[in-house]
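The values are calculated or read from the model by the stated rules, or taken from the named source; none is laboratory data. A quick note: this is a predicted structure, and the numbers were derived from the prediction, not measured. Positions of Cβ are backbone-derived with ideal geometry, glycine not excepted, and every protein chain shown enters the neighbour counts.
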Amino acid sequence: MAVVWFCWGFSYPATKLMLGSFDVWTSRSLIMVIVGATLLTMGSLSGKKITVPRGQRWNLIIAAFLNMTVFQIGMTLGVHYLSAGRTAVIVYTMPLWIMLAAWPLLGERPTLLRLCALGLGLIGLHVLMNQDFGHLLDAGFGASATLVAAIAFGLGTVWVKRCVWDNDPTVLAGWQVVLGALPVVALWSVLGKSTDWSTVAFESWAGLFFNLIFANVLAYYAWFRVIGAFPATVTGLGTLAIPIVGMLASALVLGEHVGWRELTALTLIVSALALNLWSARNG
């Protein structure tokens, strides 16, 4: 889980740097195609079965659409139109959607401690977002796209958890990225802008490299193992650390402002994490 916190937290300022030279559709198409192929190659080289049983393919397609297509597009639009740190915060309303979906789909009735943890975390997110974003490019559209991404990823997490998969998590992640990339590549062919590779800034190359290796290959390798190891609700609440990492990373890398709202949210979300870990330890 700590690997996921680092990789996804720093992915938000990395994405902002990447978008300095690449448009939304080109950047996501590049990342998803390369990452999907890399994960499947890793699975194959380690001797894992690559083919997916016929009875599990529709579940895989649904999970890929939610976890990859909708999430990747929505998150990137959020970073572009809102800000890296704030996008990280909105994305991680995801535990709410996981908790709501896990109850009917998985029968995971939330405990009192987990409800308290969720409440503290969401209060922290509200404090962070309750400010004026009028100076940003198109904050309303960016926030809406990010919220859709959060809901999709939450539902996708539960969808993966509800199925018994015959494939290794690395192969499962690879197929999700590959299948999720197909609609993104189709949109890129229509909406993508031509890229002058000779003028791509070093910072954009660095952001692209980080997103390829750390935020996708390593993070998804770890994430699908986390999903298998913990209940869906605990997994979702555990991700509440990521917006804090994302906020601090954006301040460090991009110079985004960190004030009393950010510090208050940090205190509330760390408290939520403590309750979440306590609930996991005590069943």
Residues to consider are 186, 181, 173; find the one that is at pLDDT 90 or above, assigned to a helix (DSSP H, G or I), out of contact with any Ser or Thr (no Cβ under 9 Å at 6 or more places or on another chain) and buried (at least 17 other Cβ atoms within 10 Å of the Cβ). 173
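Matching residues to (1) touching a residue at least 24 places away in the same chain (Cβ under 8 Å); (2) closer than 25 Å to residue 172 by Cβ:
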position: 235; (1), (2): yes, yes
position: 239; (1), (2): yes, yes
position: 244; (1), (2): yes, no
position: 250; (1), (2): yes, no
position: 256; (1), (2): yes, no
position: 259; (1), (2): no, no
position: 267; (1), (2): yes, no
position: 271; (1), (2): yes, no
For the subset of the range 262-279 comprising residues that are under 20 Å from the mean Cα position of the chain (by Cα) and small (Gly, Ala, Ser), which member is surrounded by the most Cβ atoms within 10 Å (Cβ to Cβ)? 272
Is it true that some residue in the range 45-57 is without any contact (Cβ under 8 Å) to a residue 40 or more places away in the chain, assigned to a helix (DSSP H, G or I), of a type in the set (Gly, Ala, Ser) and surrounded by fewer than 16 Cβ atoms within 10 Å (Cβ to Cβ)? yes
Within the range 205-233, tally of residues that are among the β-branched types (Val, Ile, Thr), farther than 17 Å from residue 32 by Cα and crowded, with 22+ Cβ neighbours inside 10 Å: 1
Among (1) assigned to a helix (DSSP H, G or I); (2) at pLDDT below 90, which single condition is residue 193 missing? (1)
Of everything in the range 99-114 that's at pLDDT 85 or above and assigned to a helix (DSSP H, G or I), which residue is farthest from the chain's Cα centre (by Cα)? 112
Would you check which residues across the range 15-36 are in a helix (DSSP H, G or I) and over 19 Å from the mean Cα position of the chain (by Cα) and list them? none
Is at least one residue of the range 264-275 in contact with a helix residue (DSSP H, G or I) (Cβ under 8 Å, 6 or more places away or on another chain), assigned to a loop (DSSP other than H, G, I, E, B) and over 17 Å from residue 12 (Cβ atoms)? no
